[in-house]
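Contents: one structure, followed by commentary.
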Amino acid sequence: MEKLLPEKLLGLTPYDPVEQRFRIHLDANESFVPLPEEILHEICNSIKKFEFNRYPDPMAKGACGAFAELFGINSDYITAGNGSDELISMLLGAFLQKGDKIMTFSPDFTMYSFYSGLFELENSVYIKDEDFNVDINEVIKRLNTENIKLVIFSNPCNPTAVGIERNDIIKLLDNTQVITVIDEAYMDFWNQSVLDLIEEYENLIILKTCSKAFGLASLRCGFAISGKKMTDHIRNAKSPYNVNGLTQIIVKAILSKKEFIANAVNEVKESANMLYSGLKEIENDYNDKVIIYPSKTNFVTLKTDYAEDIFKYLLSKSICIRKLNDKILRITAGRKQENIELLKNIRGYFGKII
Ligand SMILES: *Cc1c(COP(=O)(O)O)cnc(C)c1O
């Protein structure tokens with residue numbers, strides 16, 4: 001059978017998240033905030049009335065409407081997806097043709113280059129500097145000279161936790177014409193969103209997800225927000241029933257609880273601050289061994305020559321974090337007690353090796 005299949009498929013390996021369960025999970029940038037009893041109760045009641053036999057609303061109007069309301073935008077500019085991951089795949093697959101050139105940044109969310117390969121696009125990679133910063137002028141220059149059709153990046157960035165300021169994004173939009181997809185999966189933890197600019201720039205698409213700040217990773221729901229014309233194209237290209245009916249009602253129920261969302265985001269921000277300051281203290285005490293990057297997200301990224309070793313040491317204590325390569329670790333902000341345990345063990349590790 002293999003000779004019937006294209007090489008791009010044969011080269012793939014499955015996405016490999018941590019499936020084993022550990023005592024403490026700080027590896028996937030999920031929220032640790034539980035849903036309040038009364039919201040759970042409301043969801044249970046709507047499930048009792050739910051029509052499992054009927055196809056869901058293809059436009060997920062309830063979920064999109066709640067999102068629109070939460071962010072103060074027009075719901076005509078919103079398309080829901082089966083996770084923003086589906087929207088990334090759809091945008092790269094439907095808006096480009098084999099051989100078209102896109103730009104991604106490195107390091108950045110790996111799915112952009114994954115789908116770029118799957119759709120046989122040419123990927124011009126912009127390498128960030130040592131501190132994970134982006135020289136926006138350099139990016140603009142390359143976008144204007146390399147025949148690039150689309151640029152996609154996360155802001156703030158997963159996995160670096162570093163962000164590009166709104167002024168720089170506006171400079172990019174003012175000086176280029178390519179389709180610009182900005183993945184604001186973590187922008188709820190920072191204040192440099194450009195969501196308000198979608199009417200101004202018709203080549204701008206913003207992605208948001210319910211998986212991080214809203215704590216709904218399991219439901220699989222994300223949104224693409226763009227001007228009217230772009231939104232029409234996105235809606236034309238999507239598969240009809242891409243967001244399942246249960247997800248639609250639960251997302252609607254949760255996103256319409258503005259106070260719960262605001263509190264949950266604050267709680268996660270406080271945890272991220274705690275994690276960051278705890279790690280900074282460790283950096284201070286062992287400053288030739290680890291570098292902590294400032295975080296605009298719900299996780300903290302660190303560079304260390306001991307990445308592999310720290311990762312394994314923590315696993316031996318049943319604490320799971322994310323190892324991105326042999327120098328970079330990413331740690332999601334968790335419950336207070338989880339952060340305390342994590343910090344104690346990283347400190348313990350450095351205490352042992354010197
Ligand atoms: C987690 C993450 C996503 C994935 O979102 P889903 O809606 O769960 O598919 C998208 N982009 C970035 C940058 C992420 O970190």
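Numerical summary
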{"read-out": "Which numbered condition Thr110 misses (of (1) farther than 30 Å from Asn325 by Cα; (2) of a type outside the set (D, E, K, R); (3) surrounded by fewer than 17 Cβ atoms within 10 Å (Cβ to Cβ))", "value": "(1)"}
{"read-out": "Matching residues in the stretch 21-70 - criterion: being within 20 Å of the chain's Cα centre (by Cα), more than 18 Å from Leu219 (Cβ to Cβ) and among the charged types (D, E, K, R)", "value": "Asp27"}
{"read-out": "Members of the stretch 133-161 that are among the hydrophobic types (A, V, I, L, M, F, W, C), farther than 18 Å from Ser193 by Cα and in a helix (DSSP H, G or I)", "value": "Val139, Ile140, Leu143"}
{"read-out": "Qualifying positions in the stretch 222-242 - in contact with a helix residue (DSSP H, G or I) (Cβ under 7 Å, 6 or more places away or on another chain) and in a loop (DSSP other than H, G, I, E, B)", "value": "Gly227, Lys238, Asn242"}
{"read-out": "Cross-chain or 6+ apart pairs with Cβ under 8 Å, the stretch 7-28 first and β-branched (Val, Ile, Thr), then outside any loop (DSSP other than H, G, I, E, B)", "value": "Val18/His25; Val18/Cys320; Ile24/Ile319; Ile24/Cys320; Ile24/Glu338; Ile24/Glu341; Ile24/Leu342"}
{"read-out": "Residues (under 16 Å from Ile225 (Cα atoms) and either within 16 Å of the ligand (Cβ to nearest atom) or at pLDDT below 95 (or both)) located in the stretch 170-191", "value": "Thr180, Val181, Ile182, Asp183, Glu184, Ala185, Tyr186, Met187, Asp188"}
{"read-out": "Near pairs, Cβ below 9 angstrom, 6+ apart or cross-chain, from the stretch 98-127 (closer than 24 Å to Pro14 by Cβ) to any residue that is part of a helix (DSSP H, G or I) and more than 16 Å from the ligand (Cβ to nearest atom)", "value": "Gly117/Lys8; Leu118/Lys8; Leu118/Leu9; Phe119/Lys8; Glu120/Lys8; Asn123/Gly117"}
{"read-out": "Which listed residue is under 30 Å from Val178 (Cα atoms) and surrounded by fewer than 17 Cβ atoms within 10 Å (Cβ to Cβ), from Lys61, Lys48", "value": "Lys61"}
{"read-out": "Matching entry among Glu120, Glu199, Glu130 (being among the acidic types (Asp, Glu), at pLDDT below 95 and assigned to a loop (DSSP other than H, G, I, E, B))", "value": "Glu130"}
{"read-out": "Residue in the stretch 80-94 that is away from the ligand (no atom under 16 Å from the Cβ), part of a helix (DSSP H, G or I), closer than 16 Å to Ser226 by Cα and at pLDDT 95 or above present", "value": "yes"}
{"read-out": "Residue, farthest from Asn242 (Cα to Cα), within the stretch 194-230, restricted to residues that are of a type in the set (D, E, K, R) and either in contact with a His (Cβ under 8 Å, 6 or more places away or on another chain) or within 16 Å of the ligand (Cβ to nearest atom) (or both)", "value": "Lys212"}
{"read-out": "Those residues of the stretch 29-66 which are free of Cβ contacts under 8 Å to residues at least 24 places away in the same chain and either among the aliphatic types (A, V, I, L, M) or in a helix (DSSP H, G or I) (or both), in sequence order", "value": "Glu37, Glu38, Leu40, His41, Cys44, Asn45, Lys48, Lys61"}
{"read-out": "The stretch 328-338: number of residues that are without any contact (Cβ under 8 Å) to a residue 60 or more places away in the chain and either surrounded by 16 or more Cβ atoms within 10 Å (Cβ to Cβ) or touching an Asp or Glu at 6+ places or on another chain (Cβ under 7 Å) (or both)", "value": "1"}
{"read-out": "Check on Asp188, crowded, with 18+ Cβ neighbours inside 10 Å, touching a residue at least 60 places away in the same chain (Cβ under 8 Å) and part of a helix (DSSP H, G or I)", "value": "yes"}
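The values are calculated or read from the model by the stated rules, or taken from the named source; none is laboratory data. These numbers were taken from a predicted model, which means no experiment stands behind them. As a convention, Cβ positions derive from the backbone with ideal geometry for all residues, glycine included, and neighbour counts pool all protein chains shown.
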